[in-house]
Every structure is written in C-alpha cells, then in structure tokens.
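The block underneath contains the structure these notes are about, expressed in structure tokens.
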Amino acid sequence: MTKEINSVETLPVLPLRDVVIFPAMIFPLLVGRERTLQAVERAMVTTKLVLLVAQRDPAKEEPGPADLYEVGVVGNILQILKLPNGLVKVLVEGVHRARVLSFESEETYLQAKVAAFQPTDENSLQAKGSVRFAESLFREYVNLNRELPDEILITLVNLPDPSQMADFIMAHLSLSMERKQEILSMESMADILSAISKALDDEIKILKVERSIEKQVREKITRSQRAYYLQEQMRVIKKELGEEFEDDYADIVQYRRKIRKARMPREVREKANEELEKLKGMPMLSPEASVIKNYLDWLTCLPWSTATQDNLDIGLAQRILDEDHYGLEKPKDRILEHLAVLGRVQKMHGPILCFVGPPGVGKTSLGRSIARAMGRHFIRVSLGGVRDEAEIRGHRRTYIGSLPGRIIQQMKRAATINPVFLLDEVDKMSTDFRGDPSAALLEVLDPEQNAHFSDHYLEVDYDLSQVMFITTANIRHEIPLPLQDRMEIIELPGYLRQEKLHIARQFLLPKQLREHGLEASEVDIPDEVILSIIDIYTREAGVRELERHLARICRKVARENPSKTSQAVEITVKNLEKFLGLPPFHKDEVEQGDRIGSAVGLAWTSSGGEILNIQATLMKGRGTLQLTGQLGDVMKESAQAALSYIRANGHYWSVPEDFHRKLDMHIHIPVGGIPKDGPSAGITLATAMLSALISRPVEADVAMTGELTLRGNVLPIGGLGAKVMAAKRAGIKRLILPEKNEKEWLDLHGDLRKDIDVVFVSTIKQVWDYVFPPREATPAEPLLSETVPHS
C-alpha cells in the first residue's frame, strides 16, 4: 500500500546503477555503499519513501548531484534484508514520477527536494488509437518472447489507465538505460506511447529475425556441432543485417590477405578461395575447419612465384666450384654450360643430373657447391630406405594427420621456386604394398611433366620446372631404368692417388687442423706420409676414410702438444704406426710372380673398384666344379658358362676332351669373407681354368674384365673408371677390356689412362691369344700343376 506525499517534499536519494525503475514496478536492489545505506535507514525511520534516480555513469562509486539524472521515481521501501556478506537487499515499489528541484547533502547521505508530476493525458481519438496500437504490439511481443509468460496479458487488460499501461509495458521491455530514462522523463502521454510503440516494433522485428535464425541454425547443426549453436546464431544475425562478418573472424581476414600476397596461379587461387568459402560456412573449432586451415596454410606458404636471381657470372661460378672441389670436371662443365645457356634465353627447364659414384667422392657436397655457385637455395632429401609412394606424393586430405610429400615440404622450406634440389641415394629406394616411390619420382624428374606436378594433398598443380634437380647414387644398375631415362647421368669414378694427395693437402688437412684448434706450424705431415695413408691405411674411391685418419693424427698431436708454444710434431712414414696403428692393407694385392691357374680380374662395388685374384686348381675326380669365396648366383653361372665353353672348344688349345671325366676343378676367389657377384669376371674365370688345364701361367701384371657368352663373345662391362683405378692402385701394367668399352676408355681422365697398356677384345680367343702366345712344340705337360696357387 503506497503512501500519499505532498507535491513537493525532501526525500533521501537512492542512486541506481544500470537500472531505471518506473511507477508500479516492484524491484529488488542490493545496497552496499555507506551513504546509500544511511539514506535507506533515514527513510525507514520516517516515511519509508526514497527518490530512486539513475546514475549517469554506473562506475561512479560516490555519485554527487551532477552525476544523477533530474527525473526519477519516488519509491516505497517494502522490505529490507541484511545478507551475510554485508550487503542489504532492499525491495522497493515505484509510486510516481518526480522531478528534482534541488539536491541537499547531509553529513551521511544525499537528499533532494522533489516535485511529483504525471504525464498529461489527452482524451482524443488519436490518443485512444495510440493506446490500442501499443497494446496490440505488446501482445505480439509477449507471444514472440519466450521469456515472458502469457499471464501478464491478463494484468494488461485490468489496467484501463494509459499511464499505468505504459509504465507496465516499460517494466517488461529490454531497452538501454539511456532510452528508458528518456521515456521516463517525457511529460506527454502521446510522446510516451509513440516511443513505446517504436521500441516494441523494433523488438518484434528482432524477435522475428531470431526465430528465423533459429530455424536456419537448427537445420544446419548436426549432433556433433551443437556446442557451436551460439556462434552460428551470431553468424546468421550478421548475415541477416547485411553486415560483413570477416571482422569477427580474424582467421578469415588473415587467410584472404595471405591468398592475395602469395601470387598464386589463377587455378590455385580459385581453389584457395573455394576452400575459404567452405571455412566461412562452418564452426571455427570443428575438425573440418582445422583440416581446411592446415590446407590453406600449405597453399599460402608455398613459393608460387618467388625466385632467386641466378648468378650468370661464369668466371665467378668456376672459381666457387674449384674452391669447393678438386677435379670432377664433368659435372662442373655441365653446370657452367647451363649458366651460359641461361644467360642467353633467361628461362629454361632446370637440368636433371644424376651423379653416380662410390661413397666419399663428393656427390652430395658437390650439389651444395653448385647451389652456391648459382646463387640458389639448397635443399636435400635422402631417399635411402623410402618404400612408400606417399613419401613423394603426399597423403590425401581425407586421412587424419595427412601432409604433403617430401617434395612439397622441401619446396616450402626452400621458400623459392628455383632451388637446387638434391635427391640423395636414389638407388636405395625399395617397393612394398604401399606403392613404388621410384614410379612417383618419374613425374618429378621428367622435364616435360614436372611443370604440372600433382601432390595428393594439394590437389592442384605445382610448377617444378625451374627447380634444378640433382640425384645421387652409388650403383647405376640399381636405379630403375625409367628413372635413368629421365636423367643426365654423370659418372664420378673416384679419385686417383695424386688427386687424393691434393685434396688432403688443400682441403682435408686445413679443415681438420681448424676443427681441432691446431696451427699449421704445430704439425708437419709431408706428402709421402699422406701417400702412405692412402696406400696402406685406406682402400676407398673417395676420401672419407682418409679424412678420418687425418683427424686421428690431429687428435694425437693435440694430446701430445697441449701448449701451442711447444715444438712442432713431425709425422714420418716410420712413426706413422704410432699415430694410426698397424696398417690394415698391403700396398700390392696382386700375387707376385707368374703362376699357373691364376688370373687377375677387376670388380666394381659400391665403394669403388677392387682386384680379384681368381685361383683355379685341379685334382683327380669325376669332373665336378667347386666354387668358393662367397660367390653370388650370377658369378657361379659365369663359371659354369666358362667351363662349358672350354669343354666345347678346349681342343683348340690342346685341352684333352675327357678332362671332365678324370679331374675335379676348384675355383676360389679371396677374400672369402666378402660377397662377390656379377658377370664381368667371365673371361677371367675362363682364363684361370684354361691356365690350370694347359699348365701355362698368366703374367701377373695383366688384369682383365668382361662378360663371356657360350659362343665365346666378350660383352661390355660397367664401372670401368673404378676398375681401372683399382688396377693402377695394384700396380697393373696391362689391361684386357671388351671392345665395346673402348669409347668409355677414351673418355676417362688422362691421368687414369697413363702408364697402362690396353688390349681391346671382342672374343675369348683374342684374350687367350694374348695371354697364351704360341710357343714351340714341347713334350706333353701334366694337367695337374706342380704348384697349387695359394689363397
């Protein structure tokens, strides 16, 4: 029951934060400020009436007269409840509007002299129409708003007075505090009803849009996306209002900027924009959005047009290549030729080179040196042991955790479209049920196709035509033939003895001295010491083992000479064992002296050329052939073919026709612990067999290599450079080579062909005519040799 007050009266002031109270409105307030509590206590001991007036700034802790509005509501305190946290809950009821005439500040609280007023009411048709229109809008608002119960419409019917109806509607409208204060301050009922009608109309439109949004979102959201319901509502709200919503999603704006900055080809840009549109239509935290964002990250981070400027100064490139590597003229010339052509045409397909050679000859480091000489970025991928096609082409995006293949990954790392790309150990890839990676490389290494390389993850073409691909391998015949057809193969046979000396003196020794903190004056290593290390401590085509031995010497010197002021340590051939221990090799592997049943062959392994001391001996038996020395199937078949040829044609060289019934033959190739295989020892096996059968020795300084057929033809062999190098290392003076390898022989380095006499043959008869020259008739010699070759 409200109390009557005079038209003008002084009342305690209760400032309100973020709320405007209308007449007849019951509202709970939490009071905690000391001055406000004093005002409430003053009202309770007098009339229980206070002035409820809103603050202009809700953050103001101690508002003064200037911080309060001039119009408020006289309120009646219905109940007071003290809470445990020290606050006081005050239940107030609005009585009528009041205008502040003046504020009076007491010691403990604020009070104001107020004058009550009521909005003027007109009894016209227009006024009645405004009332009915506002009432109808409110009914529609209640029906659309689920937060308001339908029962409040019954209360509305029982409020015949327009002022009471207006205040009732305002109590249930969600408007800003400023807007409510503006309506509270109006003195004309017509103005109040007009403002309420406009506010109701705006709220009804918003509720209708919200219902439409809710319907759209419900149709779109699946069970796994219900957590993002609120986010979808915000998105559709923005769309319905015709506003751009990229600003609310920084990722969308950022990706759009990245796509523009990446300078992609038109097809790629269209694909990126298509994925971006998909991303805009789904929740940002969904798994699908994460997949698309990763995909866009890859597309925008790849170099599509960024390229480094090639160094076209051939003289400078020549100096850089010579600084980094000694020898290796063929690959150096090929790079300089490429730069010369590039200076004329400005743009051309990158060459695809394949360096084939034994370990340690500088294949990988040469690729890095080529990149430095050309001024390009260098990237490397090791293909050793790769057996999955997806390593090259990538995984499709349908798989969890999918990524592009190694080619695209390294192109991202290179950050340019024209790097030097080294594919290391291309001969050591394998195949299993997951696919053939060498087949996937066909597109990468084909100059006619790699401009449109397709990675399974990207799903768009990527241009690799400006990339300079370099592959490396140890054994040529282990590279798949289709790959060989797409590459320009350059053989690196290995270093000669004098080349190794030069490399050790100019490159390896200074590097090891620097890495071990030694000065050149602290250690003296003459050339003869380095040559001794090459001859009896290493057996390799490259220089890795040589470098390790030089490092070992440097460590010993650093230990013996802790002070740089000490006398220099001199290394000699005599004291070399003190630093490196006993030598594991002998300088000469060839058996000394001419021996019956022995022949020197040449082999080619992944580590370079080797000497084969093939030994044959005869014993009484029934014609069996025994092969020892860990021979592979191909070499065993070569021995069978050689024996069959001798049985069929041995009578031309005075071989008894029935030797295979009376004698057994044993072939042994030391060292027995090392596996051996290949067909190139065919003529050497046949020569050792014939030497044992006719009891004629083969001269020790003759070595031979070549595949033998049953018709006696000699077929060409591979790895000629490495085999010739092994022959020179062993002191061989004469070589017997297949006639079809003559062009390859002439293409070898001049120092490699120096001091060696070569006989080119096309048949085994030519071999035996050279090895066993005709001699005067002598009494028949026994088939069993007097001396059995030792192993």
What dipole magnitude, in Debye to the nearest 20, does the chain give about its Cα centre under +1 on Lys/Arg Cβ and -1 on Asp/Glu Cβ?
1260 debye
Spin-label pair Glu288/Arg413, simplified geometry with 7 Å Cα→Cβ offset, distance in nm:
3.5 nm
I need the peptides 145-157, 413-425 ranked by packing, meaning the mean over residues of other C-beta atoms within 10 angstrom, with the highest value on top.
413-425, 145-157
Fully extended contour minus Cα-Cα distance, from Ser365 to Ala115, at 0.36 nm per residue:
80.3 nm
Straight-line reach from Lys60: which lysines have a Cα under 28 Å away, not including same-chain ones fewer than 8 places off?
Lys48, Lys82, Lys89, Lys113, Lys180
How long is the gain from Arg146 to Ser212 if the chain were fully straight, where each residue apart is worth 0.36 nm and the alpha carbon distance is subtracted?
22.3 nm
Net charge near Arg555 (other residues with Cβ under 11 Å of its Cβ; Lys, Arg +1; Asp, Glu -1) is +2
Out-of-range pairs (alpha-carbon distance over 24 Å; input Lys556/Lys723; Lys676/Lys728; Lys330/Lys740; Lys636/Lys743)
Lys556/Lys723; Lys636/Lys743
Between Glu560 and Glu323, how high is the FRET efficiency from 1/(1 + (r/R0)^6) when r is the Cβ-Cβ distance and R₀ = 41 Å? Nearest 0.05.
0.80
According to the square roots a ≥ b ≥ c of the eigenvalues of the Cα gyration tensor, what is the shape class of region 273-407, taking rounded for a/c under 1.5, prolate for a/b larger than b/c otherwise, and oblate for the remainder?
prolate
Ordering 508-518, 682-692, 98-108, 708-718 by per-residue average of other C-beta atoms within 10 angstrom, highest first, gives 682-692, 708-718, 508-518, 98-108
Which value, in debye to the nearest 20, gives the size of the charge dipole of region 614-745 about its Cα centre, when Lys and Arg are +1 and Asp and Glu are -1 at the Cβ?
220 debye
Taking Lys and Arg as +1 and Asp and Glu as -1, residues besides Gln164 with C-beta under 14 Å from its C-beta add up to -4
Run the quick spin-label model on His452 and Lys740: label points 7 Å from Cα toward the beta carbon, then report their separation in nm to one decimal.
3.8 nm
Given 265-271, 643-649, the highest-first ranking by average Cβ count within 10 Å works out to 643-649, 265-271
Between Gly601, Ser290, Thr120, whose Cα lies farthest towards the positive end of the dipole of the chain when Lys and Arg beta carbons carry +1 and Asp and Glu beta carbons carry -1, centred on the Cα centre?
Gly601
Taking square-rooted eigenvalues a ≥ b ≥ c of the alpha carbon gyration tensor, is region 341-416 rounded, prolate or oblate, where a/c under 1.5 means rounded and, failing that, a/b exceeding b/c means prolate?
oblate
Here are a few candidate values for log10 I(q)/I(0) by the Debye sum over Cα atoms at q = 0.05, 0.07 Å⁻¹: [x] -0.27, -0.53; [y] -0.36, -0.68; [z] -0.56, -0.74. Which one was actually calculated from the structure I just gave you?
[z]
Using alpha-carbon positions, the gyration tensor of region 320-478 gives root eigenvalues a ≥ b ≥ c; with a/c under 1.5 called rounded, otherwise prolate if a/b exceeds b/c, else oblate, the class is oblate
Measuring from centroid to centroid over Cα atoms, what is the spacing of region 440-502 and region 733-757 in Å?
28 Å
Helix 229-240 versus the longest principal axis of the chain: what angle, 0 to 90°, nearest 10, using Cα atoms?
80 degrees
Modelled label-to-label distance, Ile756 and Ile489, 7 Å Cα→beta-carbon offset: nm?
2.0 nm
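Every number in this text was worked out from the coordinates using simple rules, so none of it is lab data. None of the values given here were measured: they were computed from a predicted structure. As a convention, Cβ positions derive from the backbone with ideal geometry for all residues, glycine included, and neighbour counts pool all protein chains shown.
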